[in-house]
Structures are given as C-alpha cells and as structure tokens.
Amino acid sequence: MALWDIFKKKTPAPPPKDDGPHLEDYADLRVEVTSQIDNSLLFSARIDSVQGDEAELYQSTDSSLPEGQAVTEPIPVTMRGFLDKGRTGSSDNMAVTFTARILPVRTRIWKASGIHLQNMSKGRAFFRLEVNAAAVTAPIRNNIAADKPCKVVNISVGGACVATDQIYHKEDRFLLKVKLLPDRPVSRLYCKVLRIVEKGNGQFEYGCQFVELDDAARSRISQDILAAQLAMRRK
C-alpha cells in the first residue's frame, strides 16, 4: 500500500436514511375503527402482529356490524389512535390516523392490510357521536358537590362537548354524570375544560377532556358510544 493511501482522507459513510415512522412503531396502539363508507364506529381494537403494511386487530369492544352477517369483502376503514407525549418523545400528545382494509380471520380478530399512515398531528383522536343527552355536572369545591343540569352535545372516548349555564374557565375540572342509554349505568367522568364557546343568553359550550381514566373505563365509554350509535340507527 502506498504511503499516501494510509493518510488519504476517507469519505464518511452517509447517515442512514430516515424515511419516517414505520407501522411497527405503533404495535399495541389502541385504535377506534370507523367505516369509510358511512363514517360509523365499528369497534375498538389493539394493533398487533405487524408485518410490513399488514397487522392483526384484536377487537376490544362489541362490533356495530350486523349480527350474523358474513363479511366476505374487505371493508375500507379509518383507524384512529392517540399517542401520549411519553411515547412520541415530543412535548405534545399526538393523534394518529391510518387507512386500511379489514377482514375477519377469527373471533374478534381482524386482518388489516394496506395500512397507510394518513396523518399525525395535535388534535382529536377519537370518533365523536352527536348525542344531545341530558346530564349533570358537579363542580367540586372544598369537597362540596352540587349537581347542575347540562347537555352533552357530543361525546368520544377522549372527551365531550358540554352545554350549560355554569361558568367554568380553562383548566377547570368538574364531574360529569351522563347516561347515554336507559339500560346503561350512569357514567361518572372527570372533565378538564380545554375550550370555551359563549353561545349567548348565558349559555356556554365547553370542550372537555376526560381525565383519570383507566383502560377499563375507556372500554366502557367506547361500548356505550357503540350502543348509543346502534340505538340511533334503529329509530
């Protein structure tokens, strides 16, 4: 080897190409699956067994698909999930949206194919159902709670829009008690006010986030939303 070859400056290897997030990054993510045909909520599920642009969905709630109807053609769907900032490595929580086509493979297990990451941004991650349901709020001050009537305009697994004449401010918290269906128990949900819209005549609409929810509570809310959606369709 020539002496100059020893000291010749070597060209550094190019850094590995960063082509963005991969589907494997979202394994175990809980998502809501909605139909692209009519935007109805089909079920909630967990992403698993990821391979390329395919995965299995482990259904965690009942399905709004008609009972006894065999699904033989892939259903085009949108899947929405929520990544907390601890998982994203950023300072913000993020909503993530995928498109895919799904087919059942076993009881409560679906094959999702052609999965495409459509969007990731700050914002709503969950399907919202318009309900206009009677409810009450209980503002908590000094351990004294007073129920006040309100309306739940819409609701999702992540939060609700609440209409009332009570005055709250951003970051205020209150207990929301709502019954989406007559045969369902009352849901008691702690809310944090994120947005305020003054409607006039002393009325306000509050965009609220549910706080202090565990997975079991989220599953109950999701199941109630599915049941309420089905009841509305039957009317």
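The values are calculated or read from the model by the stated rules, or taken from the named source; none is laboratory data. Not measured: the values here are computed from a predicted model. Here Cβ is always computed from backbone atoms with ideal geometry, including for glycine, and neighbour counts include all displayed protein chains.
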Kindly indicate whether LEU117 is surrounded by 14 or more Cβ atoms within 10 Å (Cβ to Cβ), out of contact with any Asp or Glu (no Cβ under 6 Å at 6 or more places or on another chain) and free of Cβ contacts under 8 Å to residues at least 60 places away in the same chain.
no
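Are any residues in the range 64-86 touching a residue at least 40 places away in the same chain (Cβ under 8 Å) and in contact with a Leu (Cβ under 9 Å, 6 or more places away or on another chain), and if so, which ones?
Across the range 64-86, the qualifying residues are SER64, ILE75, VAL77, MET79, GLY81, PHE82, LEU83.
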Among residues of the range 199-235, those that are surrounded by 10 or more Cβ atoms within 10 Å (Cβ to Cβ) and in a strand (DSSP E or B), counted
10
I want to confirm something. Restricting to the range 142-189 and keeping residues that are among the hydroxyl-bearing types (Ser, Thr, Tyr) and modelled with pLDDT under 95, which single residue is nearest to GLN229 (Cα to Cα)?
SER156
Test VAL197 against the stated conditions and say whether it is farther than 21 Å from ASP215 by Cβ and within 20 Å of the chain's Cα centre (by Cα).
no
If I ask for residues that are of a type in the set (D, E, K, R) and not in a strand (DSSP E or B), which ones from the range 183-198 would you list?
ASP183, ARG184
Residue hits (the range 202-219; of a type outside the set (A, V, I, L, M) and at pLDDT below 90) are GLU212, ASP214, ASP215, ARG218, SER219
State yes or no: is ILE47 surrounded by 14 or more Cβ atoms within 10 Å (Cβ to Cβ), over 28 Å from ALA231 (Cβ atoms), hydrophobic (A, V, I, L, M, F, W, C) and modelled with pLDDT of 70 or more?
yes
Quick one: which of LEU65, LEU29 is within 22 Å of ARG106 (Cα to Cα), out of contact with any Asp or Glu (no Cβ under 6 Å at 6 or more places or on another chain), modelled with pLDDT under 90 and of a type in the set (A, V, I, L, M, F, W, C)?
LEU65
